[in-house]
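Step one of this worksheet: look at the structure below.
The values are calculated or read from the model by the stated rules, or taken from the named source; none is laboratory data. What you see is a predicted model, and the numbers here were worked out from it, not measured in a lab. Positions of Cβ are backbone-derived with ideal geometry, glycine not excepted, and every protein chain shown enters the neighbour counts.
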Amino acid sequence: MFLWQLLLSNQWVNPDLVPSVGGVLSSAEKILLSAAFHKHLYATLEHLALGFFIAVPTGVAIGILIAESRYWGQVLKPIIYLVFSIPKTVFLPMFILAFGIGLFQKIAFGIFSTIFIILICTFAAVDSVKSEHLKVARVFGASRLQIALRVYLPSMAPILLEAVRLGMIFNVTGIILAEMYASKVGLGQMIANWGENFMLKELGAGILIISVATILFNETIQWFEMKFEHWRE
Amino acid sequence: MQSTDPMVRILGLHHTYQSRDGQVPALVDINIEIQAGRFVVIVGPSGCGKSSLLMMMAGLLAPSQGTILCSGYPMTSPNPDVAGVVFQEASLYPWLTALENVEFPLSLRHIAKKVRKNKAQELLSLVGLQGFEDRYPHELSGGMKQRVSIARGLVQDPPLLMMDEPFAALDEQTRITMGDELLSIWEKTRKTVVFVTHSLTEAAYLADEIIVMSARPGRIIDRIEVDLPRPRKYEMMSTVRFAQLRERIWNQIKH
């Protein structure tokens, strides 16, 4: 922020394009208190939460099924890796054609953006389960459920938490983009609107708010990782 | 079960596995009898199938043919009442403390928290790890981890302890100390021990009886009664008798 203000006061950047720190902060305050913002915020949170809570459990469940089956693993894993490398943004117009511009399209695109990273992390998580650890459980008479809960779950937990963290980044990116592209509500729509109307202080404030929120989420998950993984080297 | 029945009886065991080139024989005509209370070492070159044989004895792997009875029970699936198993390094659960790792087999059977804690503590003391209950595996040395592993193998008090190259990953010095430690635990508990290794020295130092296996396909090529007196001492390794034992094994497996 200091650097930002320094650049501005020395006129190294065009002040018409980059608003001042104070201007952005006071806009941020105004925005945070406005009723309109709350409406958009709730819409975005709704999109994010629905997308996330559908994509993560589904992704993990499908990921485990694929990873545990020899046949489906060989067939589907390469396809999933290929699709993962395609930027999901190119599919957005298709989602609009298929689902319109309502709630359903946002969530569908959020899930589509998120699920591949979840699948790939789940494959890695299943791979990280050591066969020695499974043998130990079997030799001491563990049931299938006990093996799932006592060996698979703790073995996979570190990578799955990482999947949750990465999944949210992909989810936010997908949903904000979908809102910016075609939507009546949502923070993405607000930001796109401010940009088109040259409302730079508001635009800066919007970016700031979303950045802070996502960083906080990230840090929270990392805090959980630290807390639950004290046993790691 | 009569007292004359052997603790382990393997009859007509054959094992083949499927590879790209068809059926590959891995174990051929294995017949073993082990009396209760004995310390038996299975030694052989790597890839001879000795570890697979142990996994079959533990009920983790089904042989293509033949029967395995441990303490009278057919080992078609693992039976923790009969056999405890100690694996190579890194078989402890890194997310559990030393004590929780030892408790693990008991916790699978929903034994009361207090009972299993006491039992686990008793076993950790037996292997000389009192005071390390709350350490995580990554905070323990290689030798200490294997002690925890031995404690875990014994915690359900099975008559039979199976050990799959448990000291293979340890340095020479720790390996000798652990050997002595294991022998003293064995003297105290009088379990039947089946110990798999590729180390001739380890075999000769620990065993009452050595079963020598050939390179693949694995078959039993020699059985040696070890007549070194007990308790074994480090100095015995430099005796003529010890050297003869090692040489006898070496001559069979060197081809």
- Tell me, yes or no, whether segment B:18-28 has at least one residue that is at pLDDT 90 or above, more than 18 Å from residue B:164 (Cα to Cα) and of a type in the set (D, E, K, R). no
- Of the residues that make up segment A:215-227, is at least one within 30 Å of residue A:100 (Cβ to Cβ) and of a type outside the set (Ser, Thr, Tyr)? yes
- Identify, by number, the condition in (1) touching a strand residue (DSSP E or B) at 6+ places or on another chain (Cβ under 9 Å); (2) surrounded by fewer than 21 Cβ atoms within 10 Å (Cβ to Cβ); (3) under 28 Å from residue B:248 (Cα atoms); (4) more than 13 Å from every other protein chain (Cβ to nearest Cβ) that residue B:165 doesn't meet. (4)
- Item | Odd one out for residue B:80 among (1) within 11 Å of chain A (Cβ to nearest Cβ); (2) within 22 Å of residue B:178 (Cβ to Cβ) | (2)
- Message: When you check residue B:103 against the structure, is it without any contact (Cβ under 8 Å) to a residue 60 or more places away in the chain, within 13 Å of another protein chain (Cβ to nearest Cβ), under 20 Å from residue A:152 (Cβ atoms) and among the charged types (D, E, K, R), yes or no?
- Response: yes
- When segment B:141-159 is examined, which residues are found to be out of contact with any helix residue (DSSP H, G or I) (no Cβ under 7 Å at 6 or more places or on another chain) and within 12 Å of chain A (Cβ to nearest Cβ)? B:149, B:153, B:158
- Across segment B:182-192, the tally of residues that are in contact with a Lys or Arg (Cβ under 7 Å, 6 or more places away or on another chain) and either surrounded by fewer than 17 Cβ atoms within 10 Å (Cβ to Cβ) or part of a helix (DSSP H, G or I) (or both) stands at 1
- Item | residue B:195, sole failed condition from (1) modelled with pLDDT of 90 or more; (2) not in a strand (DSSP E or B) | (2)
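Given the criteria in contact (Cβ under 8 Å) with a residue 12 or more places away in the chain and more than 23 Å from residue B:189 (Cβ to Cβ), does residue B:31 qualify?
Working: in contact (Cβ under 8 Å) with a residue 12 or more places away in the chain: yes; more than 23 Å from residue B:189 (Cβ to Cβ): yes.
The answer is yes for residue B:31.
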